[in-house]
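**Student:** One structure, pasted below without further comment.
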Amino acid sequence: MRKSLAAAALVCGMGVAALPAAAQISGDVVKLGVLTDMSSLYSDINGPGAVVAVQMAIEEFGGMVAGKKIELVQADVQNKADIAATISGRWYDVEGVDAILGTGGSASSIATMRVAGEKKRMFFAVDPASSDITGKLCNAYTVHWVYDTVVLANGTGSAVVKAGGKSWFFLTADYAFGHALERDVSAVVTANGGKVVGSVRHPLNTSDFSSFMLQAQASKAQVIGLANAGGDTINSIKQAAEFGVVKGGQKLAGLLVFVTDVHSLTLKLAQGLQLTEAFYWDRNDASRAFAKRFGERMNGKMPTSIQAGFYTAAKHYLEQVKALNTDDADKVMARMKSTPADEPLFGKAVIRQDGRKVHDVYLFEVKAPSESKGPWDYYKLIRTIPGEEAFRPMDQGGCPLVKKS
Amino acid sequence: MFELLGIAPQALFGQLLVGLINGAFYAMLSLGLAVIFGMLNVINFTHGAQYMLGAFAAWLMLTVLNIPFWIGLVLAPLVVGLFGVVLERLLLKRLYHLDHLYGFLMTFGLALVIEGVFQWKWGSSGQPYPNPIPGGTNLGFMFLPTYRAFVVVAALVICLATWFAIERTRLGGYLRAATENPTLVRAFGINVPRLITLTYGLGVGLAALAGVLAAPIYQVSPLMGQNLVLVVFAVVVIGGMGSILGSIVTGFGLGLIEGLTKVFYPQASSTVIFVIMAIVLLIKPAGLFGRTR
């Protein structure tokens, strides 16, 4: 503690005196913390694969940046807000973690972003979906990296409404993420002339959805919107098939579906689902090359968009530290927000004032078993959605950081 | 058209039936747990993991050895039950003379280890197990998948058979006597430790059987038993620790109550059973069917 105080004093002193050259790295080490769901229903989407992705980024730097060693710590967030807050606080304060990446579901991620805001340290919100992270809850030290609920609404939601699905019934995970997704998709549905006829909220990590399927069938809605994720979505889709939901003429809209979910469900059950993702491993040469390296270390599994996000977030952060020769959060953040990025996996991107990273996203459809050429060949591209169209305009999110013009 | 508390009677009927189906799983699992507790005095927290092992065993048999569901339904519980026997011989039998807490910690730790290993190997999303009897019947008020109907019938048969075996047969009589007074029973020339081992194997086999039945409905996932074991434990406590009939009746009953909660206040569906447990413990500490010892 005394050592880091001394270092902090030194850093401040150097700032005042504007001494040139010497790297200003706190604690003489650049420390990244991966705090994510390592053991529960989302852990195939992020989990150990997220740690591997960050390791890959660190290795590309040879384990060193600005002449200092890069270290990686990891922990299981269990998707619980209190655990997220406790670990984040300890990492920033005691263990000298410079940037946290993660941190599980939206509720636990929002807990981390509050801590990051208080401690004025970097937080890459790679896991969560809630658009409130760059809306009313935004802060100056959080970057929302891959996607959010508005993107899912503008992508999948809008495509389903435009294809004629006018009346909706929501099956919603009962916490911050589900609520945000239901709200954002409902807005798109109503804006496109559709209506929401009902919804039911299930606890996170539910295994039996049969009761909810009956309620969804009784609603007579044309579309059943699944505002949940991971294991919950998989079980919903599986049991919808069992209860003849699709055969009965209703359409399922999986609002947040990852490639690992499709893999678990098999194409037979998942075919025809439309979904919105910012990354698919088989989209271009760069993504295939990354996926190959990732798969070699992950038992042949292909990366999800979130795992790819962990890789690019870590890499982008380290690039800023390298360019600035410091891990000072304010300076790194200022540079990230002022310099547009162009990297192989997510393409051209800007990080806005409210912390939203904006890049193109893609509307995919899950292939039929006959169309698939082999393992993990699951998506066909329907449409590329330009970033400006996909993400919520900055002035509509209610983020206090955005200056009203 | 009259409505009951805001929902149509047909919808209510469907929900009750669905609740019954879930109750069938609770009954089967709590039955095994109750048998083990009643006979061995061990709170078997590995039960959820053993349920998962049953499902995984059936899935591995299907994908690796091409053994169809119906054979897996018999074979998987035998294999997992055998695993239970080994577990009892190696570890559990050393704990009988100690406080409940030791057995609880041991089985809980084992469950974490087993689930951890499976998650490391197969991930969290789960493996697909095809439905052996797809299709269903439209009952007018709901669409009843044939497989779920089969599960309810199978569960009832299994529960009644177990109850009969323990309460009405000679072997069951030995078993009950052995728990009541092992020294005396041993004096009659009956191998009590072997009896206990077999009982544990039976309880574990029941969990695995429920797991195989669950495989086509839920994804076969390392975590599938994790939440269930808590619910089932609550069922056993409500029914009365060790009471076999109690666990069967409570299992089905709580399935129904949980099903209704999913209609009236779905957010509470994961907690309602624990609320009931608290209330029952306040009024009748030995559980609904339990005897105070």
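The numbers here are math on the coordinates, done by the rules we state, and not lab data. Remember, it's a predicted structure, so these values are computed and weren't measured experimentally. Neighbour counts run over all protein chains shown; Cβ positions are idealised from the backbone, glycine included.
**Student:** Restricting to DSSP H runs of at least four residues, report the calculated mean residue ellipticity at 222 nm for chain A, -39500 (n - 2.57) per run over all residues, nearest 500 deg cm²/dmol.
**Tutor:** On the way: 15 runs with 162 residues, N = 405.
Taking each H run of at least 4 residues, the total per residue is -12000 deg cm²/dmol.
**Student:** Using the Cα centre as the reference, give the magnitude of the dipole from point charges on the C-beta atoms of region B:9-224 (Lys, Arg: +1; Asp, Glu: -1; all else neutral), rounded to the nearest 20 debye.
**Tutor:** Numbers: 10 positive and 5 negative charges, 79 e Å.
Value, rounded to 20: 380 debye.
**Student:** Taking R0 as 22 Å, what's the FRET efficiency between residue A:350 and residue A:330 from their Cβ-Cβ distance, rounded to 0.05?
**Tutor:** Values: r = 19 Å, r/R0 = 0.86.
Plugging the Cβ-Cβ distance into 1/(1 + (r/R0)^6) gives 0.70.
**Student:** Can you give the convex hull volume of the alpha carbon atoms of region A:300-405 per residue, in Å³?
**Tutor:** Enclosed volume per residue, from the Cα hull, is 131 Å³.
**Student:** Now for a different question. Which length gain, in nm to one decimal place, applies between residue B:149 and residue B:13 when the Cα-Cα distance is subtracted from 0.36 nm times their residue separation? Can you show the working numbers first?
**Tutor:** On the way: separation 136, 0.36 × 136 = 48.96 nm, distance 1.47 nm.
So the chain would gain 47.5 nm between residue B:149 and residue B:13.
**Student:** Normalised by the residues of chain A, what does the relative contact order come to in percent, with Cα pairs under 8 Å and at least six apart?
**Tutor:** Values: 823 pairs, mean separation 72.3, N = 405.
After rounding, I find 18 percent.
**Student:** Let me ask something else about it. Rg to Rh for region B:9-224: what is it, with Cα atoms only and Rh by Kirkwood? Walk me through the numbers before you get to the answer.
**Tutor:** Values: Rg = 18.5 Å, Rh = 18.3 Å.
We get a ratio of 1.01 for region B:9-224.
**Student:** Now for a separate question. Would you kindly give the portion of the calculated P(r) for the protein assembly as shown that falls above 47 Å, as a percent of all Cα pairs? Please report the intermediate quantities before stating the final value.
**Tutor:** Details: 57228 of 243253 pairs.
Tail of the P(r) past 47 Å holds 24 percent of the pairs.
**Student:** Residue A:94 to residue B:184: FRET efficiency via 1/(1 + (r/R0)^6), r the Cβ-Cβ distance, R0 60 Å, to the nearest 0.05?
**Tutor:** The computed FRET efficiency comes out at 0.50.
**Student:** Right, another one. Testing the spin-label approximation: label points 7 Å from Cα along Cα→Cβ at residue B:71 and residue B:138. State their distance in nm.
**Tutor:** According to this spin-label approximation, the distance is 3.8 nm.
**Student:** Sticking with this one: In this model, which of A:162/A:357; A:119/A:403; A:195/A:238; A:80/A:247; A:337/A:373; B:262/B:284 are farther than 30 Å apart at the alpha-carbon? Before the final figure, lay out each step's value.
**Tutor:** Values: A:162/A:357 27 Å; A:119/A:403 23 Å; A:195/A:238 26 Å; A:80/A:247 37 Å; A:337/A:373 41 Å; B:262/B:284 26 Å.
The answer is A:80/A:247; A:337/A:373.
**Student:** Between residue A:64 and residue B:265, what is the label-to-label distance in nm when each label sits 7 Å out along the Cα-to-Cβ direction?
**Tutor:** Distance between label points: 6.2 nm.
**Student:** Just to be sure I understand the model, the point goes 7 Å from the Cα along the line to the Cβ. What's the resulting residue A:284 to residue A:166 distance in nm?
**Tutor:** Between residue A:284 and residue A:166, the label points sit 4.0 nm apart.
**Student:** Here's something else I'd like to know. In chain B, with Lys and Arg counted as +1 and Asp and Glu as -1 at Cβ, which of these residues, B:130, B:41, B:141, has the Cα nearest the positive end of the dipole, that is, farthest along it?
**Tutor:** The Cα lying farthest towards the positive end belongs to B:41.
**Student:** What ranking, highest mean first, results for peptides A:257-269, A:222-234 when packing means the other Cβ atoms within 10 Å averaged over each residue?
**Tutor:** Numbers: A:257-269: 22.9, A:222-234: 27.2.
By packing density, highest mean first, the sequence is A:222-234, A:257-269.
**Student:** Give the average, rounded to an integer, of partner chain Cβ atoms located within 10 angstrom of each Cβ in A:218-224.
**Tutor:** Details: counts 9, 0, 0, 0, 0, 0, 0.
Per-residue shielding by partner chains comes out at 1.
**Student:** Could I ask something else about it? If contacts are Cα pairs under 8 angstrom and at least 6 residues apart, what is the relative contact order of region A:308-405 in percent?
**Tutor:** Details: 98 pairs, mean separation 17.9, N = 98.
Once normalised by length, the contact order is 18 percent.
**Student:** So what is the 222 nm mean residue ellipticity for chain B from helices alone, if each DSSP H run of at least 4 adds -39500 (n - 2.57) and you divide by all residues, rounding to the nearest 500 deg cm²/dmol? Please report the intermediate quantities before stating the final value.
**Tutor:** Working: 11 runs with 205 residues, N = 293.
Using -39500 (n - 2.57) per qualifying helix, the result is -24000 deg cm²/dmol.
**Student:** Relative to the longest principal Cα axis of chain B, at what angle does helix B:272-283 sit, 0 to 90 degrees, rounded to 10?
**Tutor:** 50 degrees
**Student:** Another one. Across bins of 10 angstrom width beginning at 0, how are the C-alpha pair distances of chain A distributed, in whole percent?
**Tutor:** That works out to 5, 23, 33, 24, 10, 4, 1, 0, in percent per bin.
**Student:** Between residue A:299 and residue A:187, what's the calculated FRET efficiency when r is the beta-carbon distance and R0 is 45 Å? Round to 0.05.
**Tutor:** On the way: r = 40 Å, r/R0 = 0.89.
Efficiency for this residue pair is about 0.65.
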